[in-house]
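Taking it in order: structure first as structure tokens, then the write-up.
Read-outs: derived from the displayed coordinates by stated rules, not from any lab. Keep in mind that this is a model prediction, so the values were computed, not measured. Note that we place each Cβ from the backbone using ideal geometry, even for glycine, and neighbour counts take in every protein chain shown.
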Amino acid sequence: MGSIIKRPNGTQDVTPSEVMKWHTVEQVAKDTAEQFGFREIRIPTFEETGLFVRSVGDTTDVVQKEMYSVSASGEGGYTLRPEGTAGTIRAVIQNGLLNEAMPLKLFYMLSCFRHERAQKGRLREFHQFGCELIGSADPAADADLIALAKSVMDMLGLGGIELNINSIGCPTCRAAYRQALKDYFEPHRAELCDTCKDRLDKNPLRLLDCKSEEDQAIAAGAPVIIDYLCDDCKAHFEGLKHNLDLMGIEYKINPRIVRGLDYYTRTVFEFISRDIGAQGTVCGGGRYDGLIETMGGKPTPALGFGMGLERLILALESRGCEFLDPKTPDLCFVTMGDEAREMAVKLATRFREDGYAVEYDLVGRKLKQQMNYADKIRARFVIVLGENEISAGTAKLKNMTTGEQTDITLGEDMVEAFAEQSYAELLSANDSVRSLFEAFTGNNNEPLQ
């Protein structure tokens, strides 16, 4: 037998025992986005390489070091998406969505790819929930988008999260700041890494995002952008803080946040977890008012965020937060003999048509082994079928939680009879479900149809 082929470094498998964690965060994220008026968009996994060079920036770590790029015979270069905003904006422009009612609100869930040193919370293939709000320059839009991200985490029960905000200004006020950074870093040029030496001439702002510990130590004393904001950017930042205060959202002003992509302007923000170590940024985003014009669209203000699902799940696990329970079978048929098995096939088909999750033996197990299997898959009920049950037209319906058994008639009304037993068991096990049902039915105890 040959050696086992393992998954690529920096990727992960999501097994059935773990997948409900993903279903939980994905469902909460989707529901919350829709509550805020966002609609889903889906975009290709790869784009022309030039899209990311133009939007993300050719001096960023993403473009310089981390992109997975390929080329096909006779075609130009393509790149697996390293983030979701650029492809979404390309889709907005190409499909004429800028002609729709504004603001345009879009969300997505997608996989992204970056060639990085794999570690906890930083993978080469990772997944993002992202939102883009297009067509509003009002700082109220910034606050509303931040509120959406916070609502997702609140709905999941995630504590220990700190919101950090900053403004990195507009091209007008950033020109003076770039010169101030250049003046500060120039005496340290010889101490900088080779990448940052190049950045010092091309884009000094990127020095603040370097991951080198030596360069971070030098950057600690650098000027901060918030001291160089023009009047309009100051007013916008004050408007953001005012709206966050109105919403009761706590925040910390962190002048060191610049984000790692060149398209950002004015507002930038991060939600940081204190529970998952160095890779603590669970969500990050900001404004990119010039991006749409840069990519060939009409000038349109916009902003967005990306929320890392792997990091979010790590933070939820560290806090002991609850996830949705996996779906288990409503009913499992345990059979003895060929005639009983054929009847189980027919009955299972009928139950499944009515929406129930049903299983029966597929591997020829004996009675005791089938019961053990039903217990392992956590079936709620079991029906044992054999010659005696078929002859009598009646079988025992066993509640696998309580062990109670009830006679159930085999035939046309069997599904309806099971529905009554199943619903009664659900109500007895869950007072909140009973209360909700009674509120909707006016204390009418008829089972749901």
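For the Cα atoms of the chain, what angle does the longest principal axis make with the long axis of helix 431-441, in degrees from 0 to 90, nearest 10?
Approximately 90 degrees, to the nearest ten.
For each of C173, C233, C283, count neighbouring Cβ atoms within 10 Å of the residue's Cβ, then give the residues from fewest to most.
C173, C233, C283
Provide, in order from the shortest bin, the percent of all Cα-Cα pairs of the stretch 171-229 in each 5 Å bin, continuing until the bin that contains the maximum pair distance.
The calculated distribution, bin by bin, is 4, 21, 35, 24, 11, 5, 0.
What is the distance in Å between the Cα centres of the stretch 220-237 and the stretch 1-68?
33
Which pairs, out of K30/K234; K21/K252; K368/K398, put more than 23 Å between their alpha-carbon atoms?
Over 23 Å apart, Cα to Cα: K30/K234; K21/K252.
Mind checking which aspartates and glutamates have their C-alpha under 16 Å from K376, skipping anything on the same chain fewer than 8 residues away?
Excluding near neighbours in sequence, the set is D325, D330, E359, D361.
Tell me which label goes with the value of Cα extents along the principal axes in Å computed from the coordinates here: (i) 93, 64, 42; (ii) 79, 49, 40; (iii) 71, 48, 43.
(i)
Report the full-extension gain for the segment H115 to Q179: residue separation times 0.36 nm, less the Cα-Cα distance, to one decimal in nm.
Value of the extension gain: 19.9 nm.
Angle, helix 367-376 long axis vs. longest principal axis of the chain, Cα atoms, 0 to 90°, nearest 10?
Result, in degrees: 30.
If each residue of separation counts as 0.36 nm, what is the full-extension length gain between T15 and R122 once their alpha-carbon separation is subtracted?
That pair, T15 and R122, stretches by 36.6 nm at full extension.
What is the sum of charges, Lys and Arg at +1 and Asp and Glu at -1, for the other residues whose Cβ falls under 14 Å from the Cβ of T32?
Net charge in that neighbourhood comes out at -2.
Helix 139-155 versus the longest principal axis of the chain: what angle, 0 to 90°, nearest 10, using Cα atoms?
40
Check the straight Cα-Cα distances from K202 and name the aspartates and glutamates below 17 Å, setting aside those fewer than 8 residues away within the same chain.
Partners found: D58, D61, D183, E186, D194, D215, D262.
Any idea how far apart Q94 and E26 come out in nm if each label point goes 7 Å out from Cα toward Cβ?
2.4
Can you give the local net charge around L133? Use residues other than it whose beta-carbon is closer than 12 angstrom to its beta-carbon, Lys and Arg +1, Asp and Glu -1.
Its environment carries a net charge of -2.
With a sphere of radius 11 Å drawn around the Cβ of Y251, what net charge do the other residues whose Cβ falls strictly inside it have (Lys, Arg +1; Asp, Glu -1)?
Computed value for this residue: -1.
In whole percent, what relative contact order does the stretch 171-229 give with Cα contacts below 8 Å and a gap of six or more residues?
46
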